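See below for the structure under consideration.
Laboratory data are not the source of any read-out in this text; all were calculated from the coordinates shown. As the structure is a computational prediction, the values presented were derived from the model and not from experiment. Positions of Cβ are generated from backbone atoms using ideal geometry, with glycine treated the same way; all protein chains shown enter the neighbour counts.
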Amino acid sequence: MPTDIRAEIIKQIRRPAHWLLLAVALVLTLTFAYLIPYLGLSGRTEGPGSARGLDAMLPAEFVGSTVAGTPVFLGALAVIFGVLVAGSEYGWQTWKTVFTQAPSRPRVFAAKVVVTAAGTLLLVVTLLAAGAAASAAVAGLQDAPLDWPSPGELLTGAAAGWLITTMWAMLGVFLSVALRGVALPIGLGLVWLLAVQNLLSAVAAPLLDWIADLQRALPGPNAGSLVAALGAPEGAPGVSALTGAGHATLVLAAYLVGFTLLSGWLLHRRDIT
Amino acid sequence: MPHWGTPRHPVPLTAKLNARRIKRMVNSAVSVEGLRVVRGGREVVRDVSCRIAAGTVTGLLGPSGCGKTTLMRAIVGVQIVAGGTVTVFGRPAGSPALRRTIGYATQNPAIYPDLTVREALRYFASVLRFPPSDVDRVIAEVDLADHAGALIGRLSGGQRSRANLAVALLGTPELLILDEPTVGLDPVLRDELWALFGRLAARGATLLVSSHVMDEAARCDRLLLMREGRLLTDDTPGGLRERTGADDLERAFLHLITEEAAR
């Protein structure tokens with residue numbers, strides 16, 4: 001097993017697409033959590049974005065501000081990452097080569113899961129480091145004190161961000177295994193994350209009670225609730241305290257386990273072409 | 001008093017025949033008996049029986065869509081079969097014990113385009129538990145040493161096919177199933193690859209190489225000719241020419257098709 005994980009890590013590290021996704025995540029997070037709110041700070045006390053005032057950009061709040069993107073756009077990038085990790089094997093027909101001679105499919109799949117989780121951990125740690133640096137820069141520019149969150153808050157935020165992004169990445173893995181490809185899983189994953197979730201919360205939930213109740217069981221609203229509990233600014237896309245942090249954590253963990261087990265079962269049971 | 005030693009009575013004829021059959025099966029690397037494969041509701045392999053002797057290069061020839069790849073997949077053990085048996089080194093095809101003894105190169109290169117040749121082979125060597133030293137050996141065998149550090153996605157079609165073949169050569173497999181490995185290669189490279197196949201067979205490996213190019217058939221020890229899911233013949237190139245009275249193998253193949261149609 002360690003040999004499989006090492007081989008999978010080396011293979012994924014060499015792929016330029018993953019580093020591009022990380023760079024995009026970094027640029028988007030810094031742009032929408034720090035750069036644009038900072039440029040819009042000058043003299044504004046009301047209107048859209050005012051909730052993201054100076055406080056949200058200072059070191060004390062950097063954890064919530066940085067993970068605020070995980071329910072929607074960082075989630076979308078995580079879905080793409082998960083699809084690329086597993087779905088590319090179908091696109092390039094490399095599963096055939098591996099499974100013809102490898103002793104077991106579950107072993108190869110387990111290495112994929114570990115590497116997917118390692119990839120999302122790297123994403124979250126990088127974003128938090130960049131968020132910390134950006135918040136320190138804002139504090140320096142505004143002569144504000146460098147009050148950092150406690151190690152416990154930092155670890156909780158990192159764990160929550162990791163849980164959310166890994167859950168989305170495993171949705172990508174599941175879609176790629178279920179649909180045995182790359183393009184359609186990415187398309188469907190993005191439609192769910194960027195369109196269907198918003199339609200459900202903004203259009204359907206206010207009209208139908210049962211959809212409002214259903215929101216409490218869906219991954220997106222629970223991801224939004226979890227980051228809201230960590231101090232993510234309300235008003236950021238997908239951030240809304242719909243449920244408590246404990247409930248959200250359990251639901252997200254259930255989705256993570258469900259996507260992983262379903263993907264493993266499908267890969268084990270079905271033909272690969 | 002029972003007798004526990006050598007039997008007093010001569011061995012019956014049927015037992016002798018069975019023993020001879022078992023001996024033949026053991027000497028055969030691959031034994032296919034009455035194989036039938038149905039795909040998409042259509043019978044694509046129809047009652048095929050053949051044997052592939054160990055340490056030989058066997059050519060599997062026939063037009064596109066005649067069932068060559070399906071027969072190869074059945075031998076590798078990744079094809080659901082509707083009937084018959086496929087035995088490889090005395091075990092049912094697809095047995096876990098066989099996996100490390102078979103190298104399989106698919107028709108379309110199945111290799112990572114965003115890795116270099118060496119990186120991709122290192123990955124396969126690791127995950128398939130073959131020694132890292134194998135990587136440079138197989139790169140040299142397929143004549144890609146000058147391109148070992150090149151991204152596979154930037155290689156030419158022929159170079160990519162050779163990188164794909166290199167994966168199948170990892171671990172020195174006893175049986176190599178190569179699906180159209182020379183497609184897209186220039187005559188010089190094709191010649192080099194066939195020389196490599198000969199060397200591998202001389203070392204004791206068994207090779208089943210599919211092709212729809214008839215001039216490659218002459219380089220095989222034995223030929224299996226397929227058409228529309230049926231095996232038309234299982235013979236040596238010389239034997240086939242002699243039997244059909246044709247000068248070259250392409251004419252021999254056409255003669256067999258005409259003969260089959262007349263039945």
How would region B:136-180 be classified by its alpha-carbon gyration tensor: rounded, prolate or oblate, with rounded meaning a/c under 1.5 and the a/b versus b/c comparison settling the rest? oblate
222 nm [θ] for the protein assembly as shown, helices only, -39500 (n - 2.57) per DSSP H run of 4+, per residue, to 500? -16500 deg cm²/dmol
Per-residue Cβ neighbour rank within 10 angstrom, fewest leading, B:Leu61, A:Leu141, A:Leu54, A:Leu230: A:Leu141, A:Leu54, A:Leu230, B:Leu61
So what is the relative contact order of region A:3-269, in percent, for Cα pairs below 8 Å that sit 6 or more residues apart? 28
Between A:Leu194 and B:Glu242, Cβ-based FRET efficiency (R0 60 Å, step 0.05) works out to 0.30
What residue among A:Tyr38, A:Ser176, B:Gly204 has its Cα farthest toward the positive end of the dipole of the protein assembly as shown, where the charges are +1 on Lys, Arg and -1 on Asp, Glu, each on the Cβ? B:Gly204
Mind giving me the FRET efficiency for A:Glu234 and A:Val27? R0 is 22 Å, r the Cβ-Cβ distance, nearest 0.05 is fine. 0.40
Nearest 20 debye, what's the magnitude of the dipole of chain B about its Cα centre given +1 on Lys and Arg Cβ and -1 on Asp and Glu Cβ? 1300
Would you mind working out the magnitude of the charge dipole of chain A relative to its Cα centre, with +1 at each Lys and Arg C-beta and -1 at each Asp and Glu C-beta, to the nearest 20 Debye? 1280
Take the alpha carbon gyration tensor of chain B, find the square roots of its eigenvalues, order them as a ≥ b ≥ c, and report rounded if a/c is under 1.5; if not, report prolate when a/b exceeds b/c, else oblate. oblate
Efficiency of FRET between B:Asp143 and B:Ala261 - r from beta-carbon atoms, R0 45 angstrom, step 0.05: 0.60
Shielding by partners for A:85-97, please: the mean number of other protein chain Cβ atoms within 10 Å of each residue's Cβ. 4
Of all the Cα-Cα pairs you can form in region A:128-273, what percent are over 17 Å apart? 69
The answer for the per residue Cα convex hull volume of region A:3-269, in Å³, is 130
Cα long-axis angle, helix A:16-30 against chain A (0 to 90 degrees, to the nearest 10): 20
Ordering of A:240-253, A:152-165 by packing [mean C-beta count within 10 Å, highest first]: A:152-165, A:240-253
With springs only between Cα atoms under 10 Å, which of A:Val196, A:Val227, A:Val79 fluctuates most in a Gaussian network model of chain A? A:Val196
Evaluate the Debye formula for the protein assembly as shown with equal point scatterers sitting on the alpha carbons, no solvent, and hand back log10 of I(q)/I(0) at q = 0.06, 0.08, 0.09, 0.13 Å⁻¹, in q order, two decimals. -0.42, -0.66, -0.77, -1.18
